[in-house]
Amino acid sequence: MSLWVDKYRPSTLSQLDYHQDVSKRLEALASSGDFPHLLVYGPSGAGKKTRVLVLLRELFGAGVEKMKIDVRTFQLNSRKLEFNVVSSPYHLEITPSDLGNNDRVVIQDLLKEVAQTEQVDFSGKHRFKVVVINEAESLSRDAQAALRRTMEKYSKNIRLVLISNTTSNIIAPIRSRTLLIRIASPHVDDIVGVLDTLCTKQQVSIADDRTEVLQRIALQSKRNLRRALLLVEALAMQNETLTKSTPMIELDWESVIKRLARDIYKDRTVSRISQCRTVCYELISHCIPPRIILKTLAFELLHLVQHTKQQEAIIETAAVFDERLSLGTKSIYHLEGFIAKSMVVIETL
Amino acid sequence: MSAGFFGKRQDVSKSLEQTDRQLPWVEKYRPKNLDEVSAQDHAVTVLKKTLESANLPHMLFYGPPGTGKTSTILALTKELYGPHLSKSRVLELNASDERGISIVREKVKNFARLTVSNPSKEDREKYPCPPYKIIILDEADSMTSDAQSALRRTMETYSGVTRFCLICNYITRIIDPLASRCSKFRFRPLDNQDALERLRHIQEQENVSIEDGVLEEVLKIANGDLRKAITLLQSAARLHSTLATAVDEEGDVDATDTADRVTIDSIREIAGSVPKNVLKSLLDAAESKQFQKIFNSVEDAVMEGWSAVEIVNQLHDEIILNDSFTSEQKNKFSRALFETDARLTNGTDEHIQLLNLVTKISEAV
Ligand SMILES: Nc1ncnc2c1ncn2[C@@H]1O[C@H](COP(=O)(O)OP(=O)(O)OP(=O)(O)O)[C@@H](O)[C@H]1O
Ligand SMILES: [Mg+2]
């Protein structure tokens, strides 16, 4: 049994519920043969991937849905590197963060292989294969540089679709080689609309003030559709009927960080710092990215403190340690540094 | 020239036409000879002389993306050797090739010291075929300085039979001893009449109908990056041509006349420029000095997916050129903008950094 998020993933552009203008633009590109490389960007949960998959379907027909996952091994000096490649006869999908620092060689190897094999299916509408690169923001500089000439030389056989949370991490020459497509997070109303249709299909029982109930769920999900869908499914399983007062389910790690923020705010001592460190370690070991920890914690603190001076100082501190997270390697130091510095801010300002 | 080009195309078999149609315009209109390279007069004039004198220095091309560096060297080698001889005379290595120190020592050196092959009689009649080889090191920014150092000797030792052409975006990434051995050619952002002509040429060839001023706007948004300009034009053309057919099917009459014209607005939209009202709401929030307001406006901008770098750039234009601020204030703004830009380049979180930026601006207004 699949999750509702997957079960109701739209498969044609016209089925997409919101951002009709973007859909129209993608449709226009798909209908012409000469489409450029794309850089699709926007916040997480905005529906970038869904839109790209739909675009592929539009380009190549239902055949792209015949996907398989291969485990490829790559011989690097004496080491063997294993990673997953999702592919259909028309496209290929990779996630560079699986590859760590070796992303450059692996991607190059893969792209050259694709470039040299012509599309087998001549009944297909297009001569090129599409290579989708997920989480392109985590591509190393080297890997990005290596894409430059490849994107030009093999443009007969390959089109790249880069999916990224930001364009800031993408080097200028790559931005120059792609058409930028922005996908905004859906608005609360958009999400309510999607939830509404879904609840009808799944026959979820909702109390009279349907819109209000759904709005609450949408708001809780912070304009992230994936989160909203997961949340509504979880709520529907736990409750007979959804009402305005149905208790919301908070994500574990979020409650942990909220508590952490309150502790820091109230108790600004050395012994507290070491307790906080344990909490941070725990969060990291549960695969919560350090940057998300920093951001969530900083925003919680911003809501707790009262004075503008303190708020200004906290966001400044967060900005500094955010950069250190990027430059350094031991994230725990920087999280701890942020916590200590925030305590000083609250204590002294 | 362009008429013949078009006439011939129609005779070509269908399949070829299709492949051609599938090429992105940037590749389809990559300059095929030096004459087609626009707006880089200095480089083109000097290089054309070398076509006559058959002498060439080591060269270093530098400049921002999409200004014609790669195209120029490819066009030059084609004109010097023709398609056939190029294969044995030109070695192109770019960032996608392994270019560590060992490769420089072996592959590059081996190629550099080969004696030059003899051109066939045909080639000699058609092309200058000068007696040296060319090694192109494209995208040299990404070569380590060790690998660059290893090049020094090779460049000198074999300069009798081999010329080097290094290409980069930032000249500072090339170590001094190498740079000083080369004639330098700076490739400027293309924002002049010449670039406009090139864009117009493409627009005419592809039959794109446009509103007045669209090409100028495209160039402006692309910031002198002709590749970006061409891609924008292509996407706009596609969007409008399908919109027009959609209208057609519904039985609307003169759809071809106005509906499919590319407009300035749609260019801006496709380019992802941050709209004025988003910038205004950020600045208004900063001026209100209320933290909650700042927080909300930044959150909105981030949720809408506007690129933080783009916001920083546009905010810069907006406030630095605004005369109602004092120099002292502008100093503070610049500092905040510059700091944010640098941090974003280091892969930081857009939301945190933007919030910090707007807070900083708010402190200074
Ligand atoms: N000066 C120019 N004249 C004509 N066309 C140009 C010029 N500059 C760029 N173009 C167009 O842009 C495309 C890319 O140009 P080119 O590959 O030469 O850029 P580049 O300077 O090498 O950029 P990068 O630094 O990103 O490698 C060309 O295929 C051509 O369509
Ligand atoms: Mg280039």
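Report Rg (one decimal) and Dmax (nearest whole number) for the stretch A:215-349, counting Cα atoms only, units Å.
My reading of the Cα-based Rg and Dmax gives 16.7, 50 Å.
What average count of beta carbons from other chains do you get within 10 Å of the Cβ of residues in B:298-305?
6
Based on C-alpha coordinates, I'd like the Rg and Dmax of the stretch B:31-186, in Å.
Here Rg and the maximum Cα pair distance are 14.8, 43 Å.
Using the Karplus curve 6.51 cos²θ - 1.76 cosθ + 1.60 with θ = phi - 60°, work out ³J(HN,Hα) for each residue of the stretch A:86-96 in order, rounded to whole Hz, and write x for Gly and Pro.
Each residue of the stretch A:86-96 in turn: 8, 8, 10, x, 10, 8, 8, 9, 9, 10, x Hz.
For chain A, with all protein chains present and a 1.4 Å probe, just round the carbon and sulfur fraction of the accessible area to a whole percent. Before the final figure, lay out the partial values.
Values: 8020 of 15890 Å².
Percent of accessible area from carbon and sulfur atoms in chain A: 50.
Please give the residues from the stretch B:271-294 for which the solvent-accessible area of heavy atoms, probe 1.4 Å, is smaller by at least 40 Å² with all protein chains in place than with the chain isolated.
Listed by number, the residues meeting the 40 Å² cut-off are B:Phe291.
Using the Cα centre of chain B as origin and beta-carbon charges of +1 (Lys, Arg) and -1 (Asp, Glu), tell me which of B:Ala237, B:Asn277, B:Thr77 is placed farthest towards the positive end of the dipole.
Result: B:Thr77, furthest along the dipole toward the positive end.
If we sort A:151-163, A:193-205 on the protection proxy, mean other Cβ atoms within 10 Å, highest first, what's the order?
A:151-163, A:193-205
Show the residues, 5+ positions off or on another chain, whose built amide H is closer than 5 Å to the amide H of B:Lys133.
Those qualifying (amide H under 5 Å, at least 5 residues apart or on another chain) are B:Thr162, B:Arg163.
Which residues of the stretch B:152-172 bury at least 30 Å² of accessible area once all protein chains are present, versus their chain alone (1.4 Å probe)?
B:Asn169
Would you calculate a helix-derived [θ] at 222 nm for chain A, using -39,500 (n - 2.57) for each DSSP H run of n ≥ 4 and dividing by the full residue count, to the nearest 500?
-17000 deg cm²/dmol
If each DSSP helix of 4+ residues adds -39,500 (n - 2.57) and the sum is divided by the residues in chain B, what number results at 222 nm, nearest 500 deg cm²/dmol?
-18000 deg cm²/dmol
³J(HN,Hα) across the stretch A:193-208 via Karplus (A = 6.51, B = -1.76, C = 1.60, θ = phi - 60°), whole Hz, x for Gly/Pro?
x, 5, 4, 4, 4, 5, 5, 5, 4, 8, 6, 7, 8, 10, 5, 3
Measure nothing fancy, just the Cα-based angle from helix B:41-53's long axis to the longest principal axis of chain B, in degrees from 0 to 90, nearest 10.
In chain B, helix B:41-53 runs at an angle near 10 degrees to the longest axis.
Can you work out the Karplus-derived ³J(HN,Hα) for every residue in the stretch B:224-233? Use 6.51 cos²θ - 1.76 cosθ + 1.60 with θ = phi - 60°, whole Hz, and x for glycine or proline.
Values, residue by residue: x, 8, 5, 4, 4, 4, 5, 4, 4, 4 Hz.
How big is the antiparallel share of DSSP beta bridges in the stretch B:31-186, given as a percent to the nearest 5?
Bridges in the stretch B:31-186 that DSSP calls antiparallel: roughly 0 percent.
Determine which lysines satisfy two conditions relative to B:Lys360: a Cα distance under 22 Å, and not lying fewer than 8 residues away in the same chain.
Answer for B:Lys360, where 22 Å is the Cα cut-off: A:Lys295, A:Lys309, A:Lys341, B:Lys276, B:Lys280, B:Lys289, B:Lys293, B:Lys330, B:Lys332, listed by chain and number.
For peptide A:35-48, compute the average count of partner chain beta-carbon atoms within 10 Å of each residue's beta-carbon.
On the way: counts 5, 10, 3, 1, 1, 0, 4, 6, 6, 0, 0, 3, 0, 1.
That average works out to 3.
Considering the dipole of the stretch B:307-365 built from charges on the beta carbon (Lys and Arg +1, Asp and Glu -1) around the Cα centre, which of B:Gln314, B:Phe333, B:Leu344 is farthest to its positive end?
Value: B:Phe333.
How much accessible area per residue does chain B have, in Å², with a 1.4 Å probe?
48 Å²
Take every DSSP beta bridge whose two residues both sit in the stretch A:4-182, then give the antiparallel share in percent to the nearest 5.
Taking every DSSP beta bridge with both residues in the stretch A:4-182, the antiparallel ones total about 40 percent.
For the stretch A:285-303 and the stretch A:20-69, what is the separation of their C-alpha centers, rounded to whole Å?
32 Å
Non-local amide H neighbours of A:Arg159 (under 5 Å, H modeled in plane, Pro and chain starts lacking H): which ones?
A:Lys129, A:Val130, A:Val131
Heavy-atom accessible area per residue, the stretch A:140-197, 1.4 Å probe: how many Å²?
Solvent-accessible surface per residue comes out at 27 Å².
To the nearest hundred square angstrom, how large is the accessible surface buried between B and A, total for both chains, probe 1.4 angstrom? List each step's numbers first, then the result.
Values: alone 20450 and 18760 Å², together 33460 Å².
The contact between A and B buries close to 5800 Å².
Quick one: putting +1 on the C-beta of Lys and Arg, -1 on the C-beta of Asp and Glu, what dipole do you get for the protein assembly as shown around its Cα centre, in Debye to the nearest 20?
2860 debye
Quantify, in whole percent, the carbon and sulfur part of the accessible surface of the stretch B:31-186 (1.4 Å probe; protein heavy atoms only).
Looking at the stretch B:31-186 in its full context, I get 50 percent from C and S.
How large is the Kirkwood hydrodynamic radius of the protein assembly as shown, in angstrom, based on all distinct alpha carbon pairs?
Kirkwood radius, the protein assembly as shown: 28.4 Å.
Quick one, what does Rg over Rh come out to for chain B if you take C-alpha atoms and the Kirkwood Rh? Numbers along the way, then the final one.
Numbers: Rg = 25.2 Å, Rh = 24.1 Å.
Checking Rg against Rh, the ratio lands at 1.04.
How far, in degrees from 0 to 90, does helix A:210-220 lean away from the longest principal axis of the Cα atoms of chain A, to the nearest 10?
Helix A:210-220 sits roughly 80 degrees off the main axis of chain A.
Counting only residues 5 or more places away or on other chains, whose amide H sits under 5 Å from the amide H of A:Leu242 once H atoms are built in the peptide plane?
A:Ser205, A:Ile206, A:Ala207
Cα centroids of the stretch A:194-218 and the stretch B:328-365: how far apart, whole angstrom?
41 Å
Any idea how far apart B:Leu51 and B:Lys184 come out in nm if each label point goes 7 Å out from Cα toward Cβ?
Placing both labels 7 Å beyond Cα along the Cβ direction yields 2.7 nm.
What does the average come to when, for each residue of peptide A:153-159, you count the partner chain Cβ atoms lying within 10 Å of its Cβ?
Other-chain Cβ atoms within 10 Å of each residue's Cβ, averaged: 3.
For the protein assembly as shown, give the share of DSSP beta bridges that are antiparallel, in percent and rounded to the nearest 5; count only bridges with both residues there.
So the antiparallel bridges in the protein assembly as shown amount to around 25 percent.
Working from Cα positions, state the angle (0 to 90°, nearest 10) between the long axis of helix B:145-157 and the longest principal axis of chain B.
Around 30 degrees separate the two axes.
The values are calculated or read from the model by the stated rules, or taken from the named source; none is laboratory data. Just so it is clear, the structure is predicted and the values come from calculations on it, not from any experiment. Cβ: placed from backbone, ideal geometry, glycine included. Neighbour counts: every protein chain shown. Areas reflect the complete protein model, heavy atoms only, side chains present, ligands, DNA and RNA absent. Shrake-Rupley method; radii C 1.70, N 1.55, O 1.52, S 1.80 Å.
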